[in-house]
1. What single numbered condition from (1) basic (Lys, Arg); (2) assigned to a loop (DSSP other than H, G, I, E, B); (3) in contact with a strand residue (DSSP E or B) (Cβ under 8 Å, 6 or more places away or on another chain) fails to hold for LYS188?
2. What number of residues in the stretch 143-174 are within 20 Å of VAL223 (Cα to Cα), within 8 Å of the chain's Cα centre (by Cα) and either modelled with pLDDT under 85 or not hydroxyl-bearing (Ser, Thr, Tyr) (or both)?
3. Identify all residues within the stretch 313-324 that are under 19 Å from GLU290 (Cβ atoms) and assigned to a helix (DSSP H, G or I); write none if there are none.
4. When you check GLU339 against the structure, is it among the acidic types (Asp, Glu), exposed (fewer than 12 other Cβ atoms within 10 Å of the Cβ) and either closer than 29 Å to ALA218 by Cα or at pLDDT below 90 (or both), yes or no?
5. At least 1 residues that are under 30 Å from VAL187 (Cβ atoms) and modelled with pLDDT of 90 or more in each: list the helices (runs of 4 or more DSSP H) lying fully within the stretch 223-312 that qualify.
6. Of the residues GLU70, GLU12, GLU41, which single one is touching a Lys or Arg at 6+ places or on another chain (Cβ under 9 Å) and open to solvent by 70 Å² or more (accessible area, probe 1.4 Å)?
7. Please verify whether LYS179 is within 13 Å of the chain's Cα centre (by Cα), basic (Lys, Arg) and more than 30 Å from THR27 (Cβ to Cβ), treating the condition exactly as stated.
8. LYS329 versus (1) open to solvent by 90 Å² or more (accessible area, probe 1.4 Å); (2) within 39 Å of the chain's Cα centre (by Cα): which is the lone unmet condition?
Amino acid sequence: MISNQILQTTIEGLKGITRIDLCICDTEGKVLATTFNDAEEYESSILAFVDSPADSQVIQGYQFFKVFDEHQLEYILLARGGSDDVYMVGKLAAFQVQNLLVAYKERFDKDNFIKNLLLDNLLLVDIYNRAKKLHIETNVKRVVYLIETQHEKDVNALETVRSLFAAKTKDFITAVDEKSIILVKEVKPGETHEDLERTASTILDMLNTEAMTKVHVAFGTVVNEIKEVSRSYKEAKMALDVGKIFYSGKNVVAYAHLGIGRLIYQLPLPLCRMFIKEIFDSKSPDDFDEETLTTINKFFENSLNVSETSRQLYIHRNTLVYRLDKLQKSTGLDLRVFEDAITFKIALMVVKYMKYMESLEY
């Protein structure tokens, strides 16, 4: 159903052009939108007109019109005046509202279809049959962007995304939960991964400035057929979660660039616990003091380069060597040895993953 605000905007626009007052009521005589003040006085006349066989009628100096949606009476439209010009404006207004009904119904049907497509609620034959009825191309390349907002039902964020992409008929904007906006975007020939990244950054920047909200944006891989759209959505969801765990400093995360985080995210928790116990025995990386953790992270950032790490930490090279030796004694892992460094790095990521998953259980 069309919102009252849309109906109000429509008749105000028509009055601005024609200078004729208009009113839209439901079939029970309740005023939904009007450009004049005494519309409620015509409730009994509207109810009488609803029951009459006529599609239009002049009553008490107003032209009355019926607006149908597939033979179902939806609205009664009033136009002030009894002249032929008013009749013509009233017919045009009724035609406009009827077209709005069709457009909104089609949009709702498409939105419903896209939601069910994303959630894998459709059989393969239904996907292609419904896509054909809704005039949605099935062999267009698409990618799914998942935009997580800070607040539930963020209307400003949703409208900002719509303003960016709604004009493009092959792009779809929807939502399947309270805090996420989903953009199913057409990928044009020649578009690269860098172009997809730029689109994500544009969404991020627009929402930061226009909607004044902080968001995280993740996107899946490009799919070739409509039946594969749900896969890109699942990838975007995984990218969002993996980004929160391992790449908390990034606001845009691509599934294609998740690296080892993608593998760790799919490990069962019992296996993770076994691995951590094997590496650290009774200890945990949480037991390390702040100085040790800072040293470890900086050492990894500088690709195991002792000189550069000591320079950035503003400590003597020998002090860094002493810290690494101390860590080796407590864990049995020498971060200057590539294999030990890999093991330690993975262990730190596994601990992050375990913490995140355990936090979801509470």
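The values are calculated or read from the model by the stated rules, or taken from the named source; none is laboratory data. Please read all numbers here as calculations on a predicted model, not as lab measurements. Virtual Cβ from ideal backbone geometry, glycine too; neighbours counted across all protein chains shown. Surface accessibility is based on the protein's heavy atoms, side chains included, excluding ligands, DNA and RNA. Shrake-Rupley method; radii C 1.70, N 1.55, O 1.52, S 1.80 Å.
1. (3)
2. Residues meeting the conditions: 3.
3. Pass one, the stretch 313-324, residues under 19 Å from GLU290 (Cβ atoms): 313-315, 319-320, 322-324.
The answer is THR319, LEU320, TYR322, ARG323, LEU324.
4. Criteria not met by GLU339.
5. Numbers: elements: 229-246, 260-265, 269-280, 290-301, 306-312.
Fully inside the stretch 223-312 and qualifying: 229-246, 260-265.
6. Values: GLU12 fails: touching a Lys or Arg at 6+ places or on another chain (Cβ under 9 Å); GLU41 fails: touching a Lys or Arg at 6+ places or on another chain (Cβ under 9 Å).
From the options GLU70, GLU12, GLU41, the qualifying one is GLU70.
7. On the way: within 13 Å of the chain's Cα centre (by Cα): yes; basic (Lys, Arg): yes; more than 30 Å from THR27 (Cβ to Cβ): yes.
So LYS179 fits the description; yes.
8. Against the list (1) open to solvent by 90 Å² or more (accessible area, probe 1.4 Å); (2) within 39 Å of the chain's Cα centre (by Cα), LYS329 comes up short only on (2).
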